[in-house]
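Written out below as structure tokens is the structure these notes cover.
The values are calculated or read from the model by the stated rules, or taken from the named source; none is laboratory data. Keep in mind that what you see is a predicted model, and the values were worked out from it rather than measured. Positions of Cβ are generated from backbone atoms using ideal geometry, with glycine treated the same way; all protein chains shown enter the neighbour counts. When the accessible area is computed, the model is the full protein with side chains, heavy atoms only, and any ligands, DNA or RNA have been set aside. Shrake-Rupley method; radii C 1.70, N 1.55, O 1.52, S 1.80 Å.
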Amino acid sequence: MADFSEKVEGPLGYDFEPTMSEEQYQMMAASRVLASKATEQHEGTGSSDDEPELEEDRIGNTAWCQCGLCEAMESRVESVCCTEIGKLEEKVMGTCITLHRNFDSICLNEDVLSATWNLLQHTKGNQPSENLQNRQYRFVAYKMFTQWGHGHMGRGNRTPIPSCAVYQIRLKFPEPDAEYTGFSYADEVLADAMPM
């Protein structure tokens, strides 16, 4: 397990999220539970283009992959292929999002990612960094992919990145111990940060 006790320079995945009171968090959590129950009651009526309905047996295999370039992921929500996400359909064009002519320049180009990182630093009033670590490159690459694939989603709105894209980003910017944080929804991050 990774040790997260050390201070990390620069923004984290939730830095730009608004803070909320305990009461606001409880209301949001309650509405999510109600929405989940409503979804369960209407199961089989179809799923949104943005979040495909996922089978339970996706963890540890790639039988669900349609593009042929996905890797087994550690959670069900991360086990999604680019071909299953409606908003990416135009870019996928029957192959894989990672084969799109712009994927490398947007998500893997160190100069683009470094400039974006420094822009994020500037908006937070921090000093720019000359040499980024792989963790920082991945952070920016995931943000760039989401912006490119989905457009601006707004604060607190997150969507899983397809396994094939995550794999290519991790391949280019690996963590030495191969321990990765993985995807979490904004309210899950907030729940972990809430004092008990």
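Taking 7 Å along the Cα-to-C-beta vector as the label spot, tell me the Ser129-Tyr180 distance in nanometres, rounded to one decimal.
Once both label points are built, they end up 1.8 nm from each other.
Give me the extension gain from Leu171 to Gln66: residue separation times 0.36 nm, minus the current Cα-Cα distance, reported in nm with one decimal. Can you show the working numbers first?
On the way: separation 105, 0.36 × 105 = 37.80 nm, distance 2.01 nm.
Gain on stretching Leu171 to Gln66: 35.8 nm.
Could you pull the accessible area for Glu175 with a 1.4 Å probe, rounded to 10 Å²?
Roll a 1.4 Å probe over it and Glu175 shows about 50 Å².
If each Cα of the stretch 98-183 is one equal point scatterer, what is log10 of I(q)/I(0) from the Debye formula at q = 0.13 Å⁻¹?
Here log10 of I(q) over I(0) equals -0.41.
Leaving ligands, DNA and RNA out of it, report the carbon-plus-sulfur percent of the accessible area of the stretch 56-173 at a 1.4 Å probe.
45
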